[in-house]
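Remarks on the structure that follows.
The values are calculated or read from the model by the stated rules, or taken from the named source; none is laboratory data. What you are looking at is a predicted structure, and each value in this text was computed from that prediction instead of being measured. Cβ placement follows ideal geometry from the backbone for every residue including glycine, while neighbour counts extend to all protein chains displayed.
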Amino acid sequence: MTGSAIELQVDGTAVAVPGGASLLVAVRAAGIELPALCSDDRLSPAGSCRTCLVRADGQIAAACVTPATSGVRVDTATDDLWQLRREAVTVIVSALPPRALADDSPSELAQVCRTLGIGSEVAQVAGGRGGDVSHPYVHLDRDLCIACGRCVRMCAEVQGTFALTLVGRGSGTVVAPGTGGPWAESDCVACGGCVDTCPTGAITQPGPGSGLTSAHRPAAATRTTCGYCGVGCTLDVATRDGEVTAVLPARDGPVNQGHACVKGRFAHGYLTSPERLTRPLLRRDGRLEPVGWDEALDRVARGMGEATAVGGADAVAAISSARATNEENYLVQKFMRVVIGTNNVDNCSRLCHSPSAAGLTASFGLPCGTDSFDDVERSDCLLVVGANPVEAHPVVGARLLRRVLHGAKLVVADPRAVGLAQHADVHLRPRPGTNAALFHGLAHILLTHGLTDEKFLRERATGLPELTELLDDYPPDRVADITGVPAADLVAAARLYGRAEQPAIVYGLGVTEHLHGTDGVRTLANLAILRGAVGTDRGYGVNPLRGQNNVQGASDMGALPDCLPGYGKVTDPAVRARAEAVWGVPVPERPGLRIPEMFAAARAGRLRALWVIGEDVCATDPDTNRVAEALDACPLVVCNELFLSETARHADVVLPATSWLEKDGTFVNFDRRFQRVRSAVPPPGEARSDFDAVHAVAAAMGVSLGCPTPADALAECGRIAPVFAGLSHDRLDREGAVPWPCPDPRRPGAVRLYENRFATPDGRAHLAVVPYLPPGEHPDDAYPLVLVTGRRWAHYNSGSMTRRSGNLALDPVDFLDLHPEDAIRYDVRDGAQVDVESRHGTARLIARISEQTVPGQVFCSFHFPASGVNRLTSDHADTVTSCPEYKVTAVRLTPR
Ligand code: FES
């Protein structure tokens with residue numbers, strides 16, 4: 001809906017609606033409900049069911065497809081209109097079996113019939129068209145389908161998957177997967193959109209939540225923020241008897257807008273898995289045995305005390321969690337600094353987006369994306385780099401695709417044919433590890449084709465002369481040699497980005513997880529600076545897609561070895577003084593250990609106690625054999641976990657933790673929005689939140705950490721970090737989502753950054769003048785292929801939650817994708833077991849022959865620790881931040 005407001009009359013009441021709105025919107029604005037069985041606010045109107053009839057200036061019209069015009073008089077309540085609508089619904093119902101209107105049916109159709117006084121005697125068809133229950137999350141009852149097409153449009157217009165179609169004729173028309181076979185074998189990605197929009201109950205999720213939709217959610221549903229990826233979808237959680245029955249996408253969710261993905265929507269079966277840890281475990285005689293909390297806490301407190309007695313405060317370290325809440329991360333870093341007296345605290349952004357934090361800070365001043373996703377979505381040219389949002393961030397992937405289908409240009413830069421690539425105007429496929437050369441090549445073309453913003457560069461940026469000189473070395477032909485991307489494609493991509501009115505960059509771990517990942521981020525940011533497309537109204541900047549739900553927040557809260565909450569450096573006396581004034585103790589000034597340094601210190605005997613909170617480092621960190629060696633060498637390893645993970649198996653004490661559906665706090669999503677997390681169900685057994693566990697360990701060591709509730713913790717954080725001072729649980733409860741920086745409780749948070757000045761010391765954007773440097777791993781005769789790792793659509797990280805849900809049926813193993821030419825060359829058959837060997841370890845995977853990868857490259861996920869994928873990856877790491885080089889590993893294949 002666009003344009004200025006339109007004023008009209010509905011049943012004598014004046015209403016105003018935005019230009020482009022339909023009469024149905026106007027009628028609802030007047031507080032009047034009409035049946036509208038083929039309509040959904042999230043979809044384009046179809047106008048096919050004729051149930052929404054009104055009279056507009058005397059003419060009968062279908063309200064959903066009739067635009068509102070100024071001054072029109074709309075009548076909805078006359079007897080003849082009521083009768084027309086009743087007849088339209090009666091015709092629809094007469095083609096259905098009586099169970100369509102069962103007394104307890106929560107469907108939209110059943111509710112409309114109750115309103116219109118249509119009883120189940122009207123529904124007389126015997127049915128018998130059968131169903132499809134092949135899919136774990138989506139069941140089809142063909143007898144209840146009224147062919148309204150809402151599911152088909154949802155799948156196409158909102159999800160962008162185009163998996164559904166209508167088949168048959170006349171009253172025999174029914175929805176079906178476009179592939180023709182069972183639903184489970186279709187292209188469906190189980191976003192749940194069809195389930196959510198179906199007005200009749202023809203498409204439902206099985207189980208106790210069957211029939212619930214976002215439009216008809218139980219009043220008692222708990223509103224929370226998804227704990228899977230960093231998109232930050234707002235979800236309403238319906239429960240019964242302390243168990244989740246359905247997770248429904250909130251229509252007013254600021255990021256998801258009534259949409260969700262297979263993980264947030266359906267993958268909650270892990271909550272009640274019999275494998276959930278419900279009691280603390282203590283290692284005795286080499287075995288982990290259940291004990292009470294007091295005994296476990298005593299062991300942790302004694303172990304940490306012994307470690308500091310032997311090796312000082314720096315003999316203790318903690319790995320905090322991007323899956324935990326902000327308040328939990330705040331408390332973990334406070335515990336380490338206040339109780340232990342060390343800065344040895346880090347979080348798993350070290351393994352994913354630490355180069356984003358370092359690179360974006362160097363270029364612009366703050367360690368975060370520059371614009372809101374709502375703005376990015378307005379871009380006329382999207383440059384999506386090293387990211388596969390269709391699978392890893394499905395709701396964002398769907399929104400990006402929607403924008404492209406509505407006309408935005410799309411440049412995808414990724415070695416693989418990721419989901420968005422098939423819709424791209426240009427798909428650049430650089431060799432893994434050559435990003436900086438690629439970005440320099442694009443920058444060279446922007447400069448030589450006069451596609452830069454000279455005024456912006458003169459007034460708001462530094463480094464242009466030096467960069468111009470450096471870029472002389474990166475003409476398209478040379479960059480083509482380095483990256484493998486044809487020079488003509490480079491020119492085409494640069495022209496699209498360079499000529500767009502409002503270009504936007506979105507990127508993922510394909511940029512950061514490299515030996516020179518920070519250089520990759522900075523040279524990518526150069527493109528936005530050259531175009532003046534950051535901090536201005538001429539573009540939407542540079543925006544990292546965060547992998548885990550609270551990667552941004554974990555670092556924001558100071559769970560970093562060199563930063564206090566709000567990113568003040570521990571080496572800065574003024575920053576320390578602010579924290580000391582709140583905490584009442586000195587803050588250590590020496591930066592602590594990063595995660596890889598913690599493991600090295602443990603292997604060397606310097607680290608004597610390690611607390612790992614919610615991370616399966618033995619599955620997800622690189623070169624996992626060496627990680628396990630580190631844990632085994634450390635005298636005390638404490639692990640907070642939902643399940644007995646690979647890491648927990650190496651621990652001395654395992655504390656049973658709560659999941660995101662069982663705890664209270666906040667997350668920060670990928671575009672800096674603080675959002676509330678609320679407990680929907682009680683934790684199992686004796687499981688405790690990480691917040692409570694940290695408090696309990698501190699108490700066992702004789703220290704009170706203060707801030708007894710998560711709300712208190714966020715408030716205290718705001719006293720240390722001015723950028724969060726305007727945030728509180730109360731405010732988030734009122735407003736829903738608030739982005740940071742937000743220094744003032746009476747003013748909104750900053751949606752777009754740097755409109756007046758950049759946050760660098762000189763207020764300018766800094767062009768990065770760094771040469772391209774090759775990756776750490778190279779294929780050779782012994783290891784001729786390059787392995788890239790990443791996520792699949794049905795799973796999340798180590799898979800500890802998604803593997804214990806129905807998602808396992810959708811994607812049961814880690815596959816190795818390889819090109820048909822390589823399959824022939826290495827004698828690998830589709831579906832065969834194959835040993836994958838690197839210079840660091842061996843994994844066993846199932847081969848899948850696919851043209852998603854190019855010859856010479858293979859791809860696999862790391863969702864099944866048993867496959868051992870991260871035994872393959874090296875300990876090469878970003879030279880600035882120590883982020884592992886996950887995206888380049890030389891391997892060879894041996895079929896079994
Ligand atoms: Fe208007 Fe179906 S809702 S015609």
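Scanning segment 370-428 for residues that are among the charged types (D, E, K, R) and closer than 20 Å to Gly790 by Cα gives Glu391, Asp414, Arg416. Only one entry in Arg746, Arg757, Arg764 is surrounded by 17 or more Cβ atoms within 10 Å (Cβ to Cβ), over 30 Å from Asp623 (Cα atoms) and more than 26 Å from the chain's Cα centre (by Cα), namely Arg764.
Output yes when any residue across segment 312-319 is at pLDDT 95 or above, farther than 25 Å from Arg606 by Cα and surrounded by 15 or more Cβ atoms within 10 Å (Cβ to Cβ), and no when none is. Within segment 312-319, none of the residues are at pLDDT 95 or above, farther than 25 Å from Arg606 by Cα and surrounded by 15 or more Cβ atoms within 10 Å (Cβ to Cβ). Residues of segment 423-446 being farther than 15 Å from Gly386 by Cα and either polar (S, T, N, Q) or in a loop (DSSP other than H, G, I, E, B) (or both), which ones? The answer is Asp425, and nothing else.
When segment 3-29 is filtered for residues that are over 33 Å from the mean Cα position of the chain (by Cα), assigned to a loop (DSSP other than H, G, I, E, B) and touching a residue at least 24 places away in the same chain (Cβ under 8 Å), only Asp11 remains. Among the conditions (1) within 26 Å of Gln124 (Cβ to Cβ); (2) free of Cβ contacts under 8 Å to residues at least 60 places away in the same chain; (3) away from the ligand (no atom under 14 Å from the Cβ), the only one that Thr78 does not satisfy is (1).
Checked against (1) out of contact with any strand residue (DSSP E or B) (no Cβ under 9 Å at 6 or more places or on another chain); (2) part of a strand (DSSP E or B), Val612 meets all criteria but (1).
Residues that are hydrophobic (A, V, I, L, M, F, W, C) and away from the ligand (no atom under 11 Å from the Cβ) were ranked within segment 28-43; the one that is nearest to Ala77 (Cα to Cα) is Ile32. Scanning segment 454-466 for residues that are in contact (Cβ under 8 Å) with a residue 12 or more places away in the chain and either crowded, with 20+ Cβ neighbours inside 10 Å or not in a loop (DSSP other than H, G, I, E, B) (or both) yields Lys455, Phe456, Leu457, Arg460, Ala461, Thr462, Leu464, Glu466. Within segment 531-566, being charged (D, E, K, R) and closer than 27 Å to Asn797 by Cα holds for Arg546, Asp556, Asp562. Give me a count of the residues in segment 235-250 that are at pLDDT below 95 and outside any strand (DSSP E or B). Number satisfying all stated conditions: 2. The residues on offer are Val880, Val854, Val858, and the sole one that is surrounded by 23 or more Cβ atoms within 10 Å (Cβ to Cβ) and not acidic (Asp, Glu) is Val858.
With respect to the stated conditions, Leu560 is farther than 23 Å from Pro389 by Cβ, within 26 Å of the chain's Cα centre (by Cα) and surrounded by 24 or more Cβ atoms within 10 Å (Cβ to Cβ).
Take the conditions under 19 Å from Gly433 (Cβ atoms) and under 26 Å from the mean Cα position of the chain (by Cα) and apply them to Val788. Does it pass? Spelling it out, Val788 is indeed under 19 Å from Gly433 (Cβ atoms) and under 26 Å from the mean Cα position of the chain (by Cα). With respect to (1) aliphatic (A, V, I, L, M); (2) over 20 Å from the mean Cα position of the chain (by Cα); (3) closer than 25 Å to Leu442 by Cα, the lone exception for Leu400 is condition (2). Condition check: buried (at least 18 other Cβ atoms within 10 Å of the Cβ) and either of a type in the set (S, T, N, Q) or assigned to a loop (DSSP other than H, G, I, E, B) (or both). Does Gly232 satisfy that? Here the answer is yes, as Gly232 does meet what is asked. All conditions in (1) away from the ligand (no atom under 16 Å from the Cβ); (2) free of Cβ contacts under 8 Å to residues at least 60 places away in the same chain; (3) crowded, with 17+ Cβ neighbours inside 10 Å hold for Asp103, with the sole exception of (3).
Residue-wise test of (1) part of a helix (DSSP H, G or I); (2) touching a Ser or Thr at 6+ places or on another chain (Cβ under 7 Å); (3) surrounded by 24 or more Cβ atoms within 10 Å (Cβ to Cβ).
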site: Thr468; (1), (2), (3): yes, no, no
site: Ala480; (1), (2), (3): yes, no, no
site: Val485; (1), (2), (3): no, no, yes
site: Asp489; (1), (2), (3): yes, no, no
site: Ala504; (1), (2), (3): no, yes, yes
site: Leu524; (1), (2), (3): yes, no, yes
site: Val534; (1), (2), (3): no, yes, yes
site: Gln552; (1), (2), (3): yes, no, yes
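Looking at segment 767-778, which of its residues are closer than 12 Å to Arg839 by Cβ and either in contact with a Pro (Cβ under 6 Å, 6 or more places away or on another chain) or surrounded by fewer than 18 Cβ atoms within 10 Å (Cβ to Cβ) (or both)? Result: His778, single match. Would you mind finding the one in Asp835, Asp830 that is free of Cβ contacts under 8 Å to residues at least 60 places away in the same chain and either surrounded by fewer than 21 Cβ atoms within 10 Å (Cβ to Cβ) or under 30 Å from Pro591 (Cβ atoms) (or both)? Being free of Cβ contacts under 8 Å to residues at least 60 places away in the same chain and either surrounded by fewer than 21 Cβ atoms within 10 Å (Cβ to Cβ) or under 30 Å from Pro591 (Cβ atoms) (or both) holds for just one of Asp835, Asp830, which is Asp830.
For Phe667, indicate whether it is free of Cβ contacts under 8 Å to residues at least 60 places away in the same chain and buried (at least 24 other Cβ atoms within 10 Å of the Cβ). So Phe667 does not fit the description; no. Restricting segment 109-124 to residues that are β-branched (Val, Ile, Thr) and more than 15 Å from the ligand (Cβ to nearest atom), the residue that is modelled with the highest pLDDT is Ile118. When Val612, Val585, Val570 are checked against the criterion of being surrounded by fewer than 21 Cβ atoms within 10 Å (Cβ to Cβ), among the aliphatic types (A, V, I, L, M) and within 23 Å of Ala698 (Cβ to Cβ), Val585 stands alone in meeting it. When the residues of segment 125-150 are filtered to those that are of a type in the set (Val, Ile, Thr) and under 23 Å from Thr802 (Cα atoms), the one that is nearest to the ligand (Cβ to nearest atom) is Val138. Residues of segment 44-70 that are more than 7 Å from the ligand (Cβ to nearest atom), under 39 Å from the mean Cα position of the chain (by Cα) and surrounded by 19 or more Cβ atoms within 10 Å (Cβ to Cβ): Thr66, Ala68. Look at (1) surrounded by 24 or more Cβ atoms within 10 Å (Cβ to Cβ); (2) in a loop (DSSP other than H, G, I, E, B); (3) touching a Phe, Trp or Tyr at 6+ places or on another chain (Cβ under 8 Å); (4) not charged (D, E, K, R) and you find that Leu366 fails only one, number (1).
Considering the conditions (1) in contact with a Ser or Thr (Cβ under 7 Å, 6 or more places away or on another chain); (2) under 22 Å from Thr512 (Cα atoms); (3) part of a helix (DSSP H, G or I), Arg416 is excluded by exactly one of them, (3).
Residues checked against (1) closer than 26 Å to Gly547 by Cβ; (2) over 18 Å from the mean Cα position of the chain (by Cα); (3) surrounded by fewer than 24 Cβ atoms within 10 Å (Cβ to Cβ):
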{"position": "Ala250", "(1), (2), (3)": "yes, no, yes"}
{"position": "Arg265", "(1), (2), (3)": "yes, no, no"}
{"position": "Tyr270", "(1), (2), (3)": "yes, yes, yes"}
{"position": "Glu275", "(1), (2), (3)": "yes, yes, yes"}
